[in-house]
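Here is the structure we will look at, set down as structure tokens.
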Amino acid sequence: RRSWAEPYKIKVVEPLKMTTRAEREQAIAEAGYNTFLLRSEDVYIDLLTDSGTSAMSDRQWAGMMVGDEAYAGSKNFYSLEEAIQKYYGYRYILPTHQGRGAENILSKILIKPGDYIPGNMYFTTTRLHQELAGGTFVDVIIDEAHDPRSQHPFKGNVDLQKLTDLIKRVGAERIPYISVAGTVNMAGGQPISMANLRAVYELAKSHDIRIILDATRAVENAYFIQQREADYHQQSIAIILKEFCSYTDGCTMSGKKDALVNIGGWLALNDPDIYEEARNMIVIYEGLHTYGGMAGRDMEAMAIGIEESVQDDHIRARIGQVEYLGQKLLDWNIPIVVPIGGHAIYLDAKAFLPHIPQDQFPAQLLAAELYREAGIRAMERGIVSAGRNKDTGDHYYPELELVRLTIPRRVYTQAHMDLTAEAVDEVYYNRHRLRGLKMVYEPKYLRFFQARFELL
Ligand SMILES: Cc1ncc(COP(=O)(O)O)c(/C=N/[C@@H](Cc2ccccc2)C(=O)O)c1O
């Protein structure tokens, strides 16, 4: 049996500083046990996020050299527009500085106070923009998505009955669009199947309701369709991605993930009237409609990154590395979300630390402990990230209390994955010694970015 290796070789490296346990104990205490507040230079293996952390290719760096920094009508805009139309299939393209730029504008245009936005599990920034526009997010994902041990191959699927019930309850006119993510970040990077998306599209169209895709990791979603959906085993990733997007009316996109760039995003639409409004909003919030908060060089790098991201060899190696790490942990009976997702391994902190109640922030503690143990930075994806219910003021208490080990694209080697697995195993072996946290500073919005904690 031949093992696999990356379809690229390394040309530039960034030396990493090694720290001592004493230095890390001080650093994490000063960071208020919040990995977002650590200095990057104090981190050895940075698995906080796959957002903006990919390694660019030599062709992308070359693209940076041909940045046309004209204020209006930059050549790089047209390269980007062409790449998105070619691979995602949408008609109108508006660049934004990153995903949130697109979410902000889309929400402002489509959502009226009192509207409901159904979606396959919440995402933190997406839901907040929907709420800021006066909408209420309604989770219509299948129940299995909330169970870390369910082996359902497409946990990102929409529960058509939940969606139908919502339409009946509030009426189609109160639903500006269905917000579909592929893959679903908060469920563990879980995909939605082509068959399910097609069914959602047909249901939506029968009620004249739009579907807007969060395309942030849609190429990874295409890989899971290719691997797990019988009709698509012989199809290329590029073909699958284009069909996938054809069942939606537009998308918001953070180019910082699949598209292999450090900054960038876009809003894509097929409806000329919505496009007209969005193009007008872009000049208020993002700059001009032909640069959307990006330099010309960044648009060129993203156009090239899109082309590279849909190559079958690339995505197979990218997800193969995540599966490699996940399988090691499964072999050692360490509780992680299954099936293994596309961009990260999610430790099940509830199962990992059953003696720490959820309101003592077990996932937050586990992420801090992994850093203390080995200088590995992960991200809390549990009660802290879930925030507070805007009506009751109490915490949301999500089923999923997770720590995300997010793998950047084309950055770390298999040796880094081996060391990460060993560090997680070490923490697991000593898990009964760990105790909870109390939150000592809580910001108003998206508290997980800046909250501070102390050991109980
Ligand atoms: C499915 C999905 N849709 C939209 C966005 C926003 O895109 P952008 O504005 O960041 O470009 C993101 C960003 N996800 C990053 C960064 C992040 C953001 C908020 C909280 C924690 C982490 C992450 O998961 O690490 C996403 O995953």
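If you project the alpha carbons of the stretch 129-209 onto their three principal axes, what span does each projection cover, largest first, in Å?
Cα spread of the stretch 129-209 along its principal axes, largest to smallest: 36, 29, 18 Å.
Could you state the number of Å between the C-alpha centres of the stretch 11-50 and the stretch 237-255?
With the stretch 237-255 and the stretch 11-50 each reduced to a Cα centre, they are spaced 35 Å.
I'd like to check one number: the per residue accessible area of the chain, probe 1.4 Å, reported in Å² as a whole number.
41 Å²
For the stretch 201-279, with all protein chains present and a 1.4 Å probe, just round the carbon and sulfur fraction of the accessible area to a whole percent. Before the final figure, lay out the partial values.
On the way: 1180 of 2790 Å².
Its accessible area is 43 percent carbon and sulfur atoms.
Using only DSSP helix segments of four residues or longer, with each worth -39500 (n - 2.57), what per-residue ellipticity at 222 nm results for the chain after dividing by its residue count and rounding to 500?
The helix contribution divided over the chain gives -12500 deg cm²/dmol.
What is the calculated FRET efficiency for residue 432 to residue 10, with r their C-beta to C-beta distance and R₀ = 45 Å, to the nearest 0.05?
The computed FRET efficiency comes out at 0.65.
In the stretch 53-98, what chymotrypsin sites (Phe, Trp or Tyr not before Pro) fall in a loop by DSSP, with at most 10 other Cβ atoms inside 10 Å?
Loop-located and lightly packed - 71.
Starting at 0 and stepping by 10 Å, how many percent of the alpha carbon pairs of the stretch 215-338 end up in each bin?
Over the stretch 215-338, the share of Cα pairs per 10 Å bin runs 12, 34, 32, 16, 6, 1 percent.
Using all Cα-Cα distances in the stretch 257-405, what percent lands in each 5 angstrom bin from 0 up to the longest?
Using 5 Å bins, I get a P(r) of 2, 8, 12, 13, 13, 12, 13, 13, 9, 4, 1 for the stretch 257-405.
Take the Cα coordinates of the stretch 1-148, assign each an equal point scatterer, and use the Debye formula without solvent to give log10 I(q)/I(0) at q = 0.12, 0.18, 0.20 Å⁻¹.
One equal scatterer on each Cα of the stretch 1-148 leads to -0.96, -1.20, -1.21.
If you line up the Cα atoms of the stretch 1-64 on their principal axes, what length do they span on each, largest first, in Å?
So the three principal-axis extents are 40, 39, 20 Å.
May I ask you to list the lysines whose Cα is less than 19 Å away from that of residue 257, ignoring any residue fewer than eight positions away on the same chain?
Cα-Cα hits under 19 Å: 86, 242.
Could you give the distance between the Cα centres of the stretch 390-428 and the stretch 153-213, to the whole Å?
Between the Cα centres of the stretch 390-428 and the stretch 153-213 lies a distance of 27 Å.
For residue 355 and residue 3, what does the FRET efficiency come to when R0 = 41 Å and r is the distance between their Cβ atoms, rounded to the nearest 0.05?
On the way: r = 39 Å, r/R0 = 0.94.
Approximately 0.60, to the nearest 0.05.
Given C-alpha coordinates of the stretch 286-342, what is the ratio Rg to Rh with the Kirkwood estimate of Rh?
Rg/Rh: 1.25.
How big is the gap, in Å, between the Cα center of the stretch 258-310 and the Cα center of the stretch 114-136?
The distance from the Cα centre of the stretch 258-310 to that of the stretch 114-136 comes to 22 Å.
P(r) tail for the stretch 331-383, what percent of Cα pairs lie past 17 Å?
That tail contains 38 percent of the Cα-Cα pairs.
Over the Cα atoms of the stretch 387-440, what Rg and Dmax result, in angstrom?
Looking at the stretch 387-440, its Cα Rg and Dmax stand at 16.6, 47 Å.
To the nearest µm²/s, what D does Stokes-Einstein give for the chain at 25 °C and 0.890 mPa s, using the Kirkwood radius over alpha carbon pairs as Rh?
For the chosen part, D equals 110 µm²/s.
Residue 149 versus residue 238, label points 7 Å from Cα toward the beta carbon: distance in nm?
A separation of 4.4 nm, rounded to one decimal place.
Taking the stretch 47-84, which GluC sites (Glu not before Pro) meet the DSSP loop condition and have no more than 11 other C-beta atoms within 10 Å?
Hits after loop and neighbour filter: 69.
Using a 10 Å Cβ count of at most 16 others and DSSP loop calls, identify the longest part of the chain lacking such trypsin sites (Lys or Arg not before Pro). Working shown, then result.
Details: sites that count: 1, 2, 9, 11, 17, 39, 91, 149, 390, 435, 444.
The longest uninterrupted stretch comes out as 150-389.
I'm checking a number: the convex hull volume of the Cα atoms of the stretch 365-456, normalised per residue, in Å³. What is it?
Spelled out: Cα convex hull of the stretch 365-456, divided by residues, is 123 Å³.
For residue 37 and residue 273, FRET efficiency with R0 = 41 Å and r from the beta-carbon atoms, rounded to 0.05? Kindly include the intermediate steps, with their values, before the conclusion.
On the way: r = 43 Å, r/R0 = 1.06.
FRET efficiency, residue 273 to residue 37: 0.40.
Could you tell me the largest-minus-smallest coordinate of the C-alpha atoms of the stretch 97-176 on each of the three principal axes, in descending order and whole angstroms?
Per principal axis, max minus min of the Cα coordinates gives 37, 34, 13 Å.
Full-extension gain between residue 165 and residue 391, please, as 0.36 nm times their residue separation minus the C-alpha to C-alpha distance.
Stretched out fully, the residue 165 to residue 391 stretch lengthens by 79.2 nm.
Ratio to report: Rg/Rh of the stretch 160-258, with Cα atoms as the point set and Rh obtained by the Kirkwood method; give two decimals.
Rounded to two decimals, Rg over Rh is 0.98.
The values are calculated or read from the model by the stated rules, or taken from the named source; none is laboratory data. Bear in mind that the values here come from a model prediction, so they are computed numbers and not experimental data. FYI the Cβ positions are ideal-geometry reconstructions off the backbone, even for glycines, and counts take in every protein chain you see. The accessibility values were calculated without ligands, DNA or RNA, using every heavy atom of the protein model including side chains. Shrake-Rupley method; radii C 1.70, N 1.55, O 1.52, S 1.80 Å.
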